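Right, one structure below, let's go through it.
The values are calculated or read from the model by the stated rules, or taken from the named source; none is laboratory data. Note that this is a predicted model, so its numbers are computed, not measured. For neighbour counting, all protein chains shown are included, and Cβ atoms are generated from backbone atoms with ideal geometry for every residue, glycine included. Heads up: the accessible areas ignore ligands, DNA and RNA and are worked out on the full protein's heavy atoms, side chains in. Shrake-Rupley method; radii C 1.70, N 1.55, O 1.52, S 1.80 Å.
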Amino acid sequence: MLDIKVIREQPEVVRQSILKRNLDPEKVNLDRLLALDGDWRRDQGRCDELRGQRNELSGAIKNLAAAERQAAVEKVKAIKKELAELEARVEDLKQERDLLLKRMPNLLSAEAPLGRTDEDNVEVARWGEVTTLPFPPRDHVELGRITDTIDFDRAANVAGSNFYYLKHEGALLEQALCQLAASRLLKQGFIPISTPDIARDEILEGIGFAPRGPETQVYSLENLELSLVGTAEITVGGYHAGEILDAAQLPLKYLGFSHCFRTEAGAYGKESRGLYRVHQFTKAEMFVFCQPEESAAMHEMIRSEEEALFQALRIPYRVVNVCSGELGAPAVKKYDLEAWMPGRDAYGEVTSCSNCTDYQARRLNIRYRPEPKASARFVHMLNGTALAISRTLIALYENGQQPDGSVRIPEVLVPLLGGIERIPARR
């Protein structure tokens, strides 16, 4: 959530951020917000005046003569009536204002490229040569069938479309990839944390997810103010909700392990085939709480750790700086790492990392004290995928495929798999 003072003092900066993000001005209505805020401030000021008059008169009544006392009592009653009506109006104004305030996006970083779609993202790095195979490449769906390690058909019978079973080496790879993320990131000071699979709707809203309504991408639990989490960003981000942290604790770096549940409404087509868009997957998520002056460096650190993991897996990739029209409301800047996927003869997004500055912290009221007696300030919060297992498996299978449909295991994972070097073709 943006600081209301920023909106009051820099409305044109906020307006430009809204326009550059291509947001619907009917839903993100800055002019209406400013009008409501002006009315709220005026009426709140009048409430304060009336309270002062009421208190002054109430304190003086006992010292007044009988004739004056009755007039003062009547005036206090009139003030109380006006105040009650005005307080109700102030509350209505505040609720409507705060609803619009929650829709205001974060201010864009000057380093975020302008654009409307992912075609406007700017490539900033590339690693490895794209895999060229001396035979027609298979995609991971076919490779999963040949190796009997990914089963979509039986999962559809049990849970519906866009679910899957991992079997044999596929199930072991899920665990090994989580271990790989832990083995590297714990050395970098990340604290491992396994999170709940559900969270309160207020936590989802604080992070920037819509838990209910037509725009939601998460599953809500019926008759409960709870939802399944779409990412550990939600549960790790809410871990310190309502707390004041000591500056000496910062930066706090967490490696969150969780299942992720997403409706993926409207996600169809060849590019969404197989594991690319599924309703449930496992993910290792990096999350950082830090002081404001640290967040730019923390963002680059998260990106470098994402790159290091895919370099360890020997998977070719590129990194793009995401354009303004593709950024979510909380992020001021975001990188996507896209791995080469021979089955689609293109790069596909496998990780992302975002600097959300104090936007989420304001919603969740997470602050820190620079010094023991100093006023509390909002922390900056950042998130980044270490490894999303489903999409990592796509890149791993398709880049490691062999002519017979077997799959070579990246060398870094072999010790974590008890020496298994290849997933055999079984069909």
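Taking region 33-42 as the search range and keeping residues that are out of contact with any Leu (no Cβ under 6 Å at 6 or more places or on another chain) and touching a residue at least 12 places away in the same chain (Cβ under 8 Å), which one is most open to solvent (accessible area, probe 1.4 Å)? In this case the residue turns out to be Leu34.
Within region 178-196, does at least one residue satisfy the condition of being of a type in the set (Lys, Arg) and outside any helix (DSSP H, G or I)?
Going residue by residue through region 178-196, those that are of a type in the set (Lys, Arg) are 184, 187.
Next, from what is left, pick out any that are outside any helix (DSSP H, G or I): none.
No, because not a single residue in region 178-196 is of a type in the set (Lys, Arg) and outside any helix (DSSP H, G or I).
Of all residues in region 277-331, those being open to solvent by less than 30 Å² (accessible area, probe 1.4 Å), of a type in the set (Gly, Ala, Ser) and under 22 Å from Tyr368 (Cβ atoms) number 2. Could you tell me whether Gly45 is open to solvent by less than 40 Å² (accessible area, probe 1.4 Å), small (Gly, Ala, Ser), modelled with pLDDT of 90 or more and in contact with a helix residue (DSSP H, G or I) (Cβ under 7 Å, 6 or more places away or on another chain)? Against the criterion (open to solvent by less than 40 Å² (accessible area, probe 1.4 Å), small (Gly, Ala, Ser), modelled with pLDDT of 90 or more and in contact with a helix residue (DSSP H, G or I) (Cβ under 7 Å, 6 or more places away or on another chain)), Gly45 does not qualify.
Which of the residues spanning region 277-313 are part of a strand (DSSP E or B) and more than 27 Å from Ile409 (Cβ to Cβ)? Lay out the reasoning, then the answer.
So the first thing to find is which residues in region 277-313 are part of a strand (DSSP E or B), and the list is 280-290.
Listed by number, the residues that qualify are Phe287, Val288, Phe289, Cys290.
Residue-by-condition table, conditions (1) of a type outside the set (Phe, Trp, Tyr); (2) in a loop (DSSP other than H, G, I, E, B); (3) under 25 Å from Ser183 (Cβ atoms); (4) open to solvent by 20 Å² or more (accessible area, probe 1.4 Å):
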site: Phe209; (1), (2), (3), (4): no, yes, no, yes
site: Gly213; (1), (2), (3), (4): yes, yes, no, yes
site: Gln217; (1), (2), (3), (4): yes, yes, no, yes
site: Asn223; (1), (2), (3), (4): yes, yes, no, yes
site: Glu233; (1), (2), (3), (4): yes, no, yes, yes
site: Ala248; (1), (2), (3), (4): yes, no, no, yes
site: Tyr254; (1), (2), (3), (4): no, no, yes, no
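Of all residues in region 65-78, none satisfies being under 45 Å from the mean Cα position of the chain (by Cα), modelled with pLDDT of 80 or more and exposed (fewer than 14 other Cβ atoms within 10 Å of the Cβ). Among the residues of region 88-119, those that are part of a loop (DSSP other than H, G, I, E, B) and open to solvent by 80 Å² or more (accessible area, probe 1.4 Å) comprise Ala110, Glu111, Leu114, Arg116. Answer yes if at least one residue in region 242-252 is touching a residue at least 24 places away in the same chain (Cβ under 8 Å), of a type outside the set (A, V, I, L, M, F, W, C) and under 18 Å from Val278 (Cα atoms), and no otherwise. No, the conditions are met nowhere in region 242-252.
Tell me, which residue of region 120-154 that is of a type in the set (Asp, Glu) and within 13 Å of Glu398 (Cβ to Cβ) is least open to solvent (accessible area, probe 1.4 Å)? Step by step, filter region 120-154, then rank; the result is Asp139.
For region 12-27, the candidate set comprises residues that are aliphatic (A, V, I, L, M) and out of contact with any Leu (no Cβ under 8 Å at 6 or more places or on another chain); within that set, the residue that is surrounded by the most Cβ atoms within 10 Å (Cβ to Cβ) is Leu23.
Among the residues making up region 13-28, those that are in a helix (DSSP H, G or I) and among the charged types (D, E, K, R) are Arg15, Lys20.
Residue count for region 190-214 satisfying the condition of being touching a residue at least 60 places away in the same chain (Cβ under 8 Å) and over 20 Å from Lys283 (Cβ atoms): 1. For region 401-427, residues that are within 20 Å of Phe152 (Cβ to Cβ) and touching a strand residue (DSSP E or B) at 6+ places or on another chain (Cβ under 6 Å) total 4.
In region 120-130, the residue that is farthest from Asn321 (Cα to Cα) out of those that are in a loop (DSSP other than H, G, I, E, B) and of a type outside the set (Val, Ile, Thr) is Glu129.
If I filter region 308-319 for residues that are within 20 Å of the chain's Cα centre (by Cα), at negative phi and modelled with pLDDT of 95 or more, do I get at least one hit? Give the derivation first.
Here is the first cut: in region 308-319, the residues within 20 Å of the chain's Cα centre (by Cα) are 319.
Adding the requirement that they be at negative phi leaves 319.
Add one more test, that the residue is modelled with pLDDT of 95 or more, and what stays is 319.
Scanning region 308-319 turns up at least one residue that is within 20 Å of the chain's Cα centre (by Cα), at negative phi and modelled with pLDDT of 95 or more.
Assessment of region 29-52 against the conditions (closer than 27 Å to Phe209 by Cβ, in a loop (DSSP other than H, G, I, E, B) and of a type outside the set (Ser, Thr, Tyr)) yields at least one matching residue.
Would you say Leu364 is closer than 30 Å to Leu166 by Cα and either at pLDDT 95 or above or in contact with a Lys or Arg (Cβ under 8 Å, 6 or more places away or on another chain) (or both)?
Details: closer than 30 Å to Leu166 by Cα: no; either at pLDDT 95 or above or in contact with a Lys or Arg (Cβ under 8 Å, 6 or more places away or on another chain) (or both): yes.
Against the criterion (closer than 30 Å to Leu166 by Cα and either at pLDDT 95 or above or in contact with a Lys or Arg (Cβ under 8 Å, 6 or more places away or on another chain) (or both)), Leu364 does not qualify.
Quick one: in region 155-171, of everything that is open to solvent by 40 Å² or more (accessible area, probe 1.4 Å) and within 11 Å of Leu275 (Cβ to Cβ), which residue is modelled with the lowest pLDDT? First the steps, then the outcome.
Of region 155-171, the ones open to solvent by 40 Å² or more (accessible area, probe 1.4 Å) are 156-159, 161-165, 167-168.
Still in the list and also within 11 Å of Leu275 (Cβ to Cβ): 162-164.
Working: Asn162: 93, Phe163: 96, Tyr164: 97.
Per the stated criteria, the residue is Asn162.
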